[in-house]
Amino acid sequence: MTDKGTKFMRELEETLDILQEDTLTPETRFRELPGWDSLASLTTLSVFDEIFSHQVSGEELKNCETLGELISLAPEEKGQ
């Protein structure tokens, strides 16, 4: 995973108000996070676009189970 992948997880922790830093990992099943809802989904897509300058569709997000799967959709993360 690139530095951008790590930055995405740290930014997502802050944006989703996850109190303990370094809680999110590539293995995190984001839909199982406390308080996960449609707003959290939209927020995740927004943070992803901000960090990677790449838009992911709601359908692509729906097909991902973990943050690692989501991060792998970023062009610079492919093959990492």
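Every number here is computed from the coordinates shown, using simple stated rules; none is lab data. What you are looking at is a predicted structure, and each value in this text was computed from that prediction instead of being measured. Positions of Cβ are backbone-derived with ideal geometry, glycine not excepted, and every protein chain shown enters the neighbour counts.
Would you confirm whether any residue within the stretch 12-23 is in contact (Cβ under 8 Å) with a residue 24 or more places away in the chain, surrounded by fewer than 16 Cβ atoms within 10 Å (Cβ to Cβ), out of contact with any Lys or Arg (no Cβ under 9 Å at 6 or more places or on another chain) and not polar (S, T, N, Q)?
The answer is no, given that none of the residues of the stretch 12-23 is in contact (Cβ under 8 Å) with a residue 24 or more places away in the chain, surrounded by fewer than 16 Cβ atoms within 10 Å (Cβ to Cβ), out of contact with any Lys or Arg (no Cβ under 9 Å at 6 or more places or on another chain) and not polar (S, T, N, Q).
Okay, residues lined up against (1) in contact (Cβ under 8 Å) with a residue 24 or more places away in the chain; (2) farther than 18 Å from MET1 by Cα:
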| residue | (1), (2) |
| --- | --- |
| TRP36 | no, yes |
| ALA40 | yes, yes |
| GLU50 | yes, no |
| HIS54 | no, no |
| SER57 | no, yes |
| GLU65 | yes, no |
| LEU70 | yes, no |
| PRO75 | no, no |
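Condition first: of a type in the set (Lys, Arg), assigned to a helix (DSSP H, G or I) and surrounded by 12 or more Cβ atoms within 10 Å (Cβ to Cβ). Now tell me which residues in the stretch 29-80 satisfy that.
Correct list: ARG31 only.
Which of the numbered conditions does GLU14 fail, given that it passes all the others? Conditions: (1) under 20 Å from ALA74 (Cα atoms); (2) assigned to a helix (DSSP H, G or I); (3) charged (D, E, K, R).
The failed condition is (1).
Kindly list the number of the only condition in (1) closer than 20 Å to LYS78 by Cβ; (2) outside any helix (DSSP H, G or I) that fails for PHE8.
(2)
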